[in-house]
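Chemist: Input: one structure, supplied below.
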Amino acid sequence: MKTFVSQFLDAAKKITRDLRHRGLIQTALGKYEVQRDRRKAAFQDYQAARQAAAEAKYEAINHLDEHLESLVSKLEARGTKVHWASTGEQARDIILGIVREKKARSIIKSKAMTAEEIHLNDALEKSGFEVVESDLGEYIVQLRKEAPYHIVFPAMHLTRGEISDLFQKELGSAPTDNPEELTMIARRALRQKYVTADIGITGGNFAVAETGMISITENEGNARLTGALPKTLITLLGIEKVIPRLEDLALFLPLLATAGAGQAITCYNSMYGGPRQPGECDGPEEYHVVLLDHGRTQLLADPEQRDALHCIRCGACLNVCPIYRNVGGHTYGTTYSGPIGSVITPHLRGLQDWKHLSSASSLCGACTEACPVKIDLHHHLLQNRRNAAAEKGWWLERLAYKIFSFVVTRPALYRIAKKVGFMFQPLHRFVKGTALDPARAWTATRDVPQLAPQSFKEYWKRRRKK
Amino acid sequence: MSEREKILGRIREALRLSAPRPGEHGDHAGHDHMPARKLSAPADLRRWLPSVGDTFEQRVAAFAAQSTDLRTEFHLLDSRDAALAKLKEVAQANGWTRIASHRTELTDAACAALALPTLVTDGGYAAPDLERCDAGLTACDALIAQTGSVLITTRSAGGRGLSVLPPHHVVLARREQLLPDLPAAFAFLREKYGANYPSFMSVITGPSRTGDIERILVLGAHGPKKLTVLCY
């Protein structure tokens, strides 16, 4: 069986040489950068806004129990049914239970990374229910039976030609290379689904603890339709999504839009506070909120990396990451890709299986700088490396460092080692990168620095003699 | 023990160690006390978010500039009659034959002026009927100059579906409804509804859009392809 690390390496090797892929990503993210910089510049003080957002999330996460209890009591007071799930399996069972009880025929879903996390669509389909993704990008990747490529731009890796071919094959539409026509094909197909769907499923961007509301950010209007038409509405929400006060949205909505998509604010930011209330003319008869832990409390228990739970899933760290921009979203093999995915996946799915993601990083810090809630991402990558080595190091690596420290702490021995190294280094080029090279993982794709013929110490001594 | 208790128990256990405050990484991990709470006030927010002027004219200018950017059709009119006349113009230009609306004094007057077959959402409606309407005509809670947004709730705008299902959303607003910025909008919601919030509230900013195909902007992804704001 292939390990996660060998899958990652194989996929990365292949895709970094794919010029077509590279071109698509550069174009898409290039456009994003221009828009994002324009929107950041419109803020009077973007850095102060970031700091305030980080502090609001700090408050929410570091008093998570109180905020969750407030959220839940407010939601329940207006007739929302709240469910708690420690694991993905529990969350799937809760949702399957609701869907079965309602004898649902078709389910319409708006974008939810939590649902990707617990493989909800698979579970629903295996139990015989039709579930349709309504976000255009998600709909496209669902038709291709793929995972989303990016948290915010799920179909960023596809050209309009590929999407047209897909729609021809799956929907029987006429070929077109016009993005607007392609969008209208999806709009028409999905409108039919909306009118007939009996269950709607959404994710959530923020949960206002104080007032008991789920805030959903979107551009297309699909989440609004999902929240308006089906008789039963289910929101699958990670427990870390809470924010303390309603007014905090005045900060988070523009920040999320700016960092995530280079918009001042997204098209629709809707707050759901319950099922249809007396005197209201539409909306679901039943509203269920499923609170998902799925490893989050484990991350919470690590104070050093707890701020990774501040994440608002804007995708800004992916967009600026030199690794993401080279290997793309699917290579990671995780629900959350890019720097934030590399930080949290080891906590959610096991450090030893996923530690390689923390090493697939240049530690350049672009992610930390881009994060609108100031998560210390690149240091967390380093901490994951440290934790992985401390937990289960590799004997050869440990031995190498032991020898190294033995030598460098003994000046006489170090001097000899340098001389020997300098003499024999030319021979290395004959084995560089081959099976005989013990350092081939490093040297196969890199130049090896030349040892200097003269050390600084020797140079200094001679200089003073003159 | 219920899952609720188990999850809350794990959270409380985890929070026995405190985390470094934002911007103070490296030194303070693992302290066993919780630092004092510190949250920003809306007044601070105003100094950081994009600026909006203090006068009505500056707010209108900001709303108009955002509208151009977002492709919202925004018209500032001198009187209610002028707004209704503009509405008729919009109806003719777009060839509406059937509209949907909800009952308020203002929207009733607008529907009477248009004299088109009208679906009224108050008291319930069938989704396919609303889907067949050419436009949804609504009032609103407020306009937000900073972002060029329309603030609606189920109570002010005829439910959840009326402003999103028809292909054209037309909003009628009075001048005094124009608020400067997002902090003002959320303060307004709290003041108006704090005791009993509607089950649905939304900040609408421009017509429905997507960039999911090669990051090229397309209007009318799932919601309205057009958004018209008539303010008098």
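Just so it is clear, none of the values below were taken in a lab; they were calculated from the coordinates. Note that the coordinates shown come from a computational prediction; the quantities given were computed from them, not determined experimentally. Using ideal geometry, Cβ is built from the backbone for each residue, glycine included, and neighbour counts are taken over all protein chains shown.
Chemist: Could you tell me the calculated FRET efficiency between A:Met423 and A:Ala390, based on Cβ-Cβ distance and R0 = 56 angstrom, to the nearest 0.05?
Modeler: Efficiency for this residue pair is about 0.95.
Chemist: Right, here's the next one. Please list, or write none, the aspartates and glutamates whose alpha carbon is within less than 18 Å of the alpha carbon of A:Lys374, excluding same-chain residues fewer than 8 places away.
Modeler: Reachable aspartates and glutamates: A:Asp37, A:Asp45, A:Glu55, A:Glu59, A:Glu240, A:Asp248, A:Asp302, A:Glu304, A:Asp307, B:Glu24, B:Asp27.
Chemist: Would you compute, from DSSP H runs of 4+ residues alone, the mean residue ellipticity of chain A at 222 nm, taking -39500 (n - 2.57) per run and dividing by the full residue count, rounded to the nearest 500?
Modeler: Result for chain A, helices only: -16500 deg cm²/dmol.
Chemist: Any idea what angle helix B:56-70 forms with the longest principal axis of chain B, computed on alpha-carbon atoms, 0 to 90 degrees, nearest 10?
Modeler: Relative to chain B, helix B:56-70 is tipped by roughly 90 degrees.
Chemist: Here's another thing I want to ask about it. Can you spot the aspartates and glutamates whose alpha carbon is less than 17 Å from A:Lys419's alpha carbon? Ignore those fewer than 8 places along the same chain.
Modeler: Filter leaves A:Glu458.
Chemist: How high is the relative contact order of chain A, in percent, counting Cα pairs under 8 Å that sit 6 or more residues apart?
Modeler: Once normalised by length, the contact order is 18 percent.
Chemist: Sorting B:Tyr197, A:Tyr336 on the 10 Å Cβ count, fewest up front, what's the list?
Modeler: Fewest to most other Cβ atoms nearby, the residues stand as A:Tyr336, B:Tyr197.
Chemist: Could you state the angle between the C-alpha long axis of helix B:182-193 and the longest principal axis of the C-alpha atoms of chain B, as a value from 0 to 90 degrees rounded to the nearest 10?
Modeler: With rounding to tens, the tilt is 80 degrees.
Chemist: Normalised radius of gyration for chain A, please: alpha carbon Rg relative to 2.2 N^0.38 Å, two decimal places.
Modeler: 1.14
Chemist: Cα centroid distance between the range B:133-161 and the range B:75-96, in Å?
Modeler: Centre-to-centre (Cα) distance: 17 Å.
Chemist: For a 30 Å ceiling on Cα separation, which of these pairs sit above it: A:Lys14/A:Lys109; A:Lys81/B:Lys225; A:Lys81/A:Lys193; A:Lys126/A:Lys193; A:Lys31/A:Lys109; B:Lys86/B:Lys225?
Modeler: A:Lys14/A:Lys109; A:Lys81/B:Lys225
Chemist: Suppose R0 equals 60 Å. What FRET efficiency, 1/(1 + (r/R0)^6) with r the Cβ-Cβ distance, do B:Asn196 and A:Arg144 give to the nearest 0.05?
Modeler: 0.85
Chemist: Less than 27 Å apart at the alpha-carbon level, and either on another chain or at least 8 residues along: which lysines does that give for A:Lys392?
Modeler: Leaving aside lysines fewer than 8 places away in the same chain, those within reach of A:Lys392 are A:Lys2, A:Lys13, A:Lys355, A:Lys402.
Chemist: Scan the range B:117-205 for trypsin sites (Lys or Arg not before Pro) in coil per DSSP, keeping those whose Cβ has at most 16 other Cβ atoms within 10 Å, and list them by number.
Modeler: B:Arg132, B:Arg174
Chemist: Now a separate question. Kindly provide the helix-only [θ] at 222 nm of chain B, computed as the sum of -39,500 (n - 2.57) over DSSP H runs of four or more divided by all residues, to the nearest 500 deg cm²/dmol?
Modeler: It lands at -9500 deg cm²/dmol.
Chemist: Which whole-number percent gives the relative contact order of the range A:389-466, counting Cα pairs below 8 Å spaced six or more residues apart?
Modeler: 18
Chemist: By residue number, which cysteines of chain A lack any other Cys whose Cβ falls under 4.7 Å from their Cβ?
Modeler: A:Cys267, A:Cys281, A:Cys311, A:Cys314, A:Cys321, A:Cys364, A:Cys371
Chemist: Give me the percent of DSSP beta bridges within the protein assembly as shown that run antiparallel, rounded to the nearest 5.
Modeler: If I count the DSSP bridges inside the protein assembly as shown, around 35 percent turn out antiparallel.
Chemist: Treat each spin label as a single point 7 Å out from the Cα along the C-beta direction, and report the B:Thr55 to A:His21 distance in nm.
Modeler: According to this spin-label approximation, the distance is 5.7 nm.
Chemist: Going down the table (A:Lys74/A:Lys241; A:Lys418/A:Lys461; A:Lys169/B:Lys226), which pairs top 19 Å between alpha carbons?
Modeler: Cα-Cα > 19 Å for A:Lys169/B:Lys226; rest within.
Chemist: Does anyone have the angle between helix A:395-408 and the longest principal axis of chain A? Alpha-carbon axes, 0 to 90°, nearest 10?
Modeler: For helix A:395-408, the angle is close to 40 degrees.
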